[in-house]
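Data first, discussion second: the structure below is written as structure tokens.
Nothing in this text is a laboratory measurement; each read-out follows from the coordinates by a stated rule. Note that the coordinates shown come from a computational prediction; the quantities given were computed from them, not determined experimentally. Glycine gets a Cβ as well: all are built from the backbone with ideal geometry, and neighbour counts include every protein chain shown.
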Amino acid sequence: QKEVEQNSGPLSVPEGAIASLNCTYSDRGSQSFFWYRQYSGKSPELIMFIYSNGDKEDGRFTAQLNKASQYVSLLIRDSQPSDSATYLCAVTGANNLFFGTGTRLTVIP
Amino acid sequence: ETGVTQSPTHLIKTRGQQVTLRCSSQSGHNTVSWYQQALGQGPQFIFQYYREEENGRGNFPPRFSGLQFPNYSSELNVNALELDDSALYLCASSLLVEKEQYFGPGTRLTVT
């Protein structure tokens, strides 16, 4: 079982819609959770981090964490074509950061 | 811009050679982590340095080694290069071990 699992997509949403990205993890001891956005040929860019159960909002982005279900998600409201990228979920382990393989999101104008 | 820099941007090496990649962390950050990202995959953790000491290591062979300097900049060394080492090598810095990591632009290594 992989430490972090994401649906690889591709996920396509129309401009203005809500994009929902999901991630599950295997280590119940994980304490920190991150979402990164990666454009093709570029390095990952941190867009959200969450440490406690519940929701955390930052602009159009909302991260949701449920430690009991070992589940973390990212909602992107009012999706824009510039949001088209691969979204990586990352979860801390023992002095380690485990990444999923990423979900490719395409926002259709 | 994260303030994390890496050099060189691109590198082409021959199988069996050795390579050194460099990273300067964001100001005030004492933790540096290195990752390997193959095409279509998520970054894979190589190792982490905290205050000049190795603080964790992923599933990579000993020919991958590193250093962190007193100014918290870091090097990744890879000996006896193999074709499968071709990848994007990413450096990330953070204020503390468990806190959010910020990536540099990466070094694209091609082994022929």
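Treating r as the C-beta distance of A:Arg77 and A:Glu5 and R0 as 25 Å, the FRET efficiency rounds to 0.55.
Computed from backbone phi, the HN-Hα couplings of the stretch B:10-25 come to 9, 8, 10, 10, 9, 3, x, 6, 10, 9, 10, 10, 10, 8, 10, 7 Hz, rounded to whole numbers (Karplus: 6.51 cos²θ - 1.76 cosθ + 1.60, θ = phi - 60°; Gly and Pro given as x). Scaling against 2.2 N^0.38 Å puts the C-alpha radius of gyration of the stretch B:20-112 at 1.01.
Convex hull volume of the Cα atoms of chain A, normalised per residue: 95 Å³.
Close amide H pairs (under 5 Å, H built 1.01 Å from N) link B:Gly66 with B:Asn77, residues at least 5 positions away or on another chain. Close Lys pairs in the protein assembly as shown (alpha-carbon distance under 18 Å; sequence gap of 8 or more, or different chains): 4.
In a DSSP loop and with at most 10 other Cβ atoms within 10 Å, the trypsin sites (Lys or Arg not before Pro) in the stretch A:1-103 are A:Arg28.
Amide H to amide H distances under 5 Å link A:Ser30 with no residue, where only residues 5 or more positions off or on other chains count and H is placed in the peptide plane. Between A:Tyr51 and B:Gln41, what is the label-point separation in nm under the 7 Å Cα-to-beta-carbon projection? Modelled inter-label distance: 3.1 nm. For the stretch B:87-95, backbone phi angles converted through the Karplus equation (6.51, -1.76, 1.60; θ = phi - 60°) give residue-by-residue couplings of 5, 8, 9, 10, 10, 9, 10, 8, 6 Hz, Gly and Pro being listed as x. Take the Cα of B:Thr110, go 7 Å toward its beta carbon, and the backbone nitrogen atoms of the stretch B:69-104 under 17 Å from that spot belong to B:82-89.
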